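The values are calculated or read from the model by the stated rules, or taken from the named source; none is laboratory data. A quick note: this is a predicted structure, and the numbers were derived from the prediction, not measured. When we count neighbours, we look across all protein chains shown, and the Cβ atoms used for this are built from the backbone with ideal geometry, even at glycine.
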Amino acid sequence: MPDRVQQLAELTARVAELESERELTLRLAQTDSLTGLVNRGAFTAALCERLETAREAGGRLALFVVDLDRFKHLNDTLGHHAGDLFLAEVGERLRSDAGPGDLVARLGGDEFAVISDDPKVAERAQRLVSLFTQPHLIYGRQVSPGASVGVAVYPDDASDAGDLQQFADMALYRVKTQGGRRWSAFDAELRAESQHRRTLEEELRRAIPAGEIEPWFQPVVDSADGRIVGVEVLARWRHPEHGLLTPAAFVPMAEELGLIGRIDEAVFEAGCSQAAPWVAEGLIEVVSFNVSPRDLLDPSFSRKLIGRLAGTDLPATALTVEITETFLLRDLALSRRHIERLSAKGVRIALDDFGTGYSNLRALMHLPIQTVKLDRSLICDVAKDARVAKLVGSMLHAARALGVLIVAEGVEEEAQAILLRAAGCERMQGYWFAKPMPADQMETELRASRAAAPRSLCTEPLRRRAHG
């Protein structure tokens with residue numbers, strides 16, 4: 001009997017120990033290790049629970065989203081360890097300011113949140129802003145990055161957790177774009193913006209199968225005689241109500257919604273099919289497409305692209321795929337596989353935005369890259385700043401030494417075209433020559449370019465006829 005009692009006692013102690021370990025593990029899984037605050041996952045669950053409680057009680061609930069204004073500067077000047085120390089201090093200030101029913105969380109990075117049933121929303125928001133105007137001593141230096149606060153209230157602004165958080169984020173974003181160090185509440189103006197965005201999201205989902213996303217074409221000209229030798233394919237949304245929309249109006253949204261792959265696929269197939277007769281007739285040599293980093297991170301991307309190309313009449317040797325330096329450096333092994341697989345089929349590879357990042361000349365030496373596209377940020381200053389002109393000249397010299405074709409994009413002025421031509425840039429594109437245009441107009445320009453005598457880069461007829 002004593003043995004059984006002892007075994008039962010040991011079993012009870014072990015169960016209690018396991019329960020304690022389980023509770024500790026659960027607590028750690030819900031806690032931000034740096035600040036000791038609730039983490040994003042636990043915050044999301046708690047917000048849903050608090051909203052349900054407020055709904056049943058007929059109460060109100062405010063969500064404050066807090067973002068530090070100059071935290072990156074602090075990290076850059078004092079180092080990440082100093083940044084971590086300050087984030088811990090932020091957590092302590094928010095914890096000390098919290099009321100008995102508040103929940104304080106770190107959502108990630110330098111973003112925090114407070115859930116509160118405090119009825120004095122404006123006073124509380126201002127107090128949160130004031131918390132971060134007070135300096136803090138780190139490594140002997142006083143730091144005070146300041147903070148921006150966005151606020152949304154249940155049930156005044158939203159009836160569910162997802163909307164409440166989105167609306168608080170919208171209010172925060174407005175503060176950030178206006179300079180920070182203050183607070184803003186969600187209001188009628190932001191509500192109208194939110195409703196417009198939701199409508200646009202629904203319309204974008206319908207636009208893809210409806211064929212409203214269409215390829216437009218921007219000419220690439222030969223620097224020697226001004227003839228059009230190629231086109232870059234760009235997406236446009238022919239919206240039935242808002243008219244023609246550029247990628248800036250819908251691509252970020254498409255990426256958030258996971259629709260960018262479908263858009264790229266539709267534009268690629270339509271663009272190849274429309275440009276194939278121009279290549280067959282000898283009106284152009286090459287058709288270029290930009291590829292998003294998201295697509296490139298798909299291990300099956302190159303195989304899918306080759307399959308889609310096979311469904312069009314465009315020969316692989318007339319296709320150029322433009323990738324960025326950033327992607328090369330992010331995953332060199334994967335980019336090499338894609339590049340080599342595409343090159344084996346005859347597809348040309350262009351390194352886009354060249355000169356804005358690492359300018360990886362080693363990649364040009366060891367990968368089958370046939371073209372580099374000088375970034376527009378360099379071209380805009382090439383005729384104004386002698387240092388930029390020298391830099392561009394050096395890049396042109398290096399690319400020529402490696403036998404790589406050079407294209408300057410974003411050429412908008414005659415002086416830029418003249419300087420680039422003198423420096424040995426073989427091909428150019430930009431508003432000086434033509435803006436992107438629909439297929440029917442592009443074909444007209446191609447035939448006119450082929451029939452015309454060689455012309456100076458300084459003449460403007462093509463640019464004047466171009467559409468927006």
Check: Would you say Val231 is in a strand (DSSP E or B), surrounded by 15 or more Cβ atoms within 10 Å (Cβ to Cβ) and in contact with a Leu (Cβ under 9 Å, 6 or more places away or on another chain)?
Finding: yes
Notebook entry, point to check: Cβ-Cβ below 9 Å, separation at least six or inter-chain, first residue in the range 146-163 and within 20 Å of Ala54 (Cα to Cα), second in a loop (DSSP other than H, G, I, E, B) and aromatic (Phe, Trp, Tyr): which pairs?
Noted result: Val151/Phe186; Ala152/Phe186; Val153/Phe186; Asp156/Phe186; Asp157/Phe186; Ala158/Phe186
Check: How many residues, within the range 239-268, are without any contact (Cβ under 8 Å) to a residue 24 or more places away in the chain, surrounded by 14 or more Cβ atoms within 10 Å (Cβ to Cβ) and not in a helix (DSSP H, G or I)?
Finding: 2
Margin query: Among the numbered criteria (1) surrounded by fewer than 21 Cβ atoms within 10 Å (Cβ to Cβ); (2) touching a Phe, Trp or Tyr at 6+ places or on another chain (Cβ under 8 Å), which one does Arg236 miss?
Written below: (1)
Note to self: Give all pairs with beta carbons closer than 6 Å in which a residue from the range 91-111 that is within 14 Å of Thr44 (Cα to Cα) meets a residue that is of a type in the set (Gly, Ala, Ser) and in a loop (DSSP other than H, G, I, E, B); count only pairs at least 6 apart in sequence or on separate chains.
What the structure shows: Val104/Ala98
Item checked: Top-ranked residue of the range 393-404 - restricted to ones that are farther than 19 Å from Val221 by Cα and surrounded by 17 or more Cβ atoms within 10 Å (Cβ to Cβ), ranked as farthest from the chain's Cα centre (by Cα) -> Gly393
Checklist line | Pick from the range 378-392, criterion assigned to a loop (DSSP other than H, G, I, E, B) and not basic (Lys, Arg), ranking: surrounded by the fewest Cβ atoms within 10 Å (Cβ to Cβ) | finding: Asp385
Next item on the list: Filter the range 138-165 for residues that are part of a strand (DSSP E or B) and under 16 Å from Phe112 (Cβ atoms) and give the result.
Entry: Ala147, Ser148, Val149, Gly150, Val151, Ala152
Check: Could you say which residue among Thr324, Thr320 is touching a strand residue (DSSP E or B) at 6+ places or on another chain (Cβ under 7 Å), at pLDDT below 90 and buried (at least 21 other Cβ atoms within 10 Å of the Cβ)?
Finding: Thr324
Next item on the list: Could you give me the residue pairs with C-beta distances under 6 Å whose first residue belongs to the range 40-63 and is outside any helix (DSSP H, G or I), whose second residue is aromatic (Phe, Trp, Tyr) wherever it lies, and which are 6+ apart or on separate chains?
Entry: Leu61/Tyr154
Notebook entry, point to check: Which number in (1) in contact with a helix residue (DSSP H, G or I) (Cβ under 8 Å, 6 or more places away or on another chain); (2) within 18 Å of Glu285 (Cα to Cα); (3) modelled with pLDDT of 90 or more marks the one condition that Gly410 misses?
Noted result: (2)
Item checked: Yes/no for Leu396 being part of a helix (DSSP H, G or I) and under 22 Å from Arg348 (Cβ atoms) -> yes
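Determine, yes or no, whether Glu203 is surrounded by fewer than 19 Cβ atoms within 10 Å (Cβ to Cβ) and more than 30 Å from Trp432 (Cα to Cα).
yes
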Notebook entry, point to check: Considering only the range 176-211, how many residues are of a type in the set (A, V, I, L, M, F, W, C), in a helix (DSSP H, G or I) and either over 30 Å from Ala270 (Cβ atoms) or under 24 Å from the mean Cα position of the chain (by Cα) (or both)?
Noted result: 7
Checklist line | Verdict on Arg93 being under 22 Å from Lys176 (Cα atoms) and modelled with pLDDT of 90 or more | finding: yes
Notebook entry, point to check: Does the range 405-428 hold any residues that are in contact (Cβ under 8 Å) with a residue 12 or more places away in the chain, of a type in the set (A, V, I, L, M, F, W, C) and more than 15 Å from Asp375 (Cβ to Cβ), and which are they?
Noted result: Leu405, Ala415, Ala417, Ile418, Leu419, Ala423
Notebook entry, point to check: Given the residues Ile138, Ile115, which is the only one that is of a type in the set (A, V, I, L, M) and modelled with pLDDT under 90?
Noted result: Ile138
Note to self: What's the number of the only condition in (1) of a type outside the set (Val, Ile, Thr); (2) assigned to a helix (DSSP H, G or I); (3) in contact (Cβ under 8 Å) with a residue 12 or more places away in the chain that Glu214 fails to meet?
What the structure shows: (2)
